[in-house]
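Here's the structure we're looking at; comments come further down.
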Amino acid sequence: MTIRSRRETVTFRHPFRIHGVERVLPAGAYQVIADEERIDSDIVSAWRRVGTSIIVPVEGVLGSVEMLSIRAADLASAIAVDASVAND
């Protein structure tokens, strides 16, 4: 089984919440890592997401970060909420 990690930057314009994270996160740019495993068949090769993590600042410790495991659907929801607030 082959695993790959993809990294992308997601920018929030407003403070936000993600299910599973106990605190409100400040607006800003966040690195998101998506871990995927390769699915091989006789017909096609594909990748399936098996994990999603976000790198967030550690509360009260300037310059420190932590990587938190989140669900991709919860990240998508937080992005949609942030976009809807921007349009109000």
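Just so you know, all these numbers are worked out from the coordinates, no wet-lab data involved. All values derive from a computational prediction rather than experimental measurement. FYI the Cβ positions are ideal-geometry reconstructions off the backbone, even for glycines, and counts take in every protein chain you see.
So that you can scan it fast, the table gives a plain yes or no per residue for (1) part of a strand (DSSP E or B); (2) over 30 Å from residue 1 (Cβ atoms); (3) out of contact with any Leu (no Cβ under 6 Å at 6 or more places or on another chain); (4) not hydrophobic (A, V, I, L, M, F, W, C):
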residue	(1), (2), (3), (4)
22	no, yes, yes, yes
33	yes, no, yes, no
37	yes, no, yes, yes
55	yes, no, yes, no
60	no, yes, yes, yes
69	yes, no, yes, yes
75	no, no, yes, no
When every residue in the range 51-72 that is small (Gly, Ala, Ser) and touching a strand residue (DSSP E or B) at 6+ places or on another chain (Cβ under 9 Å) is compared, the one surrounded by the fewest Cβ atoms within 10 Å (Cβ to Cβ) is 63
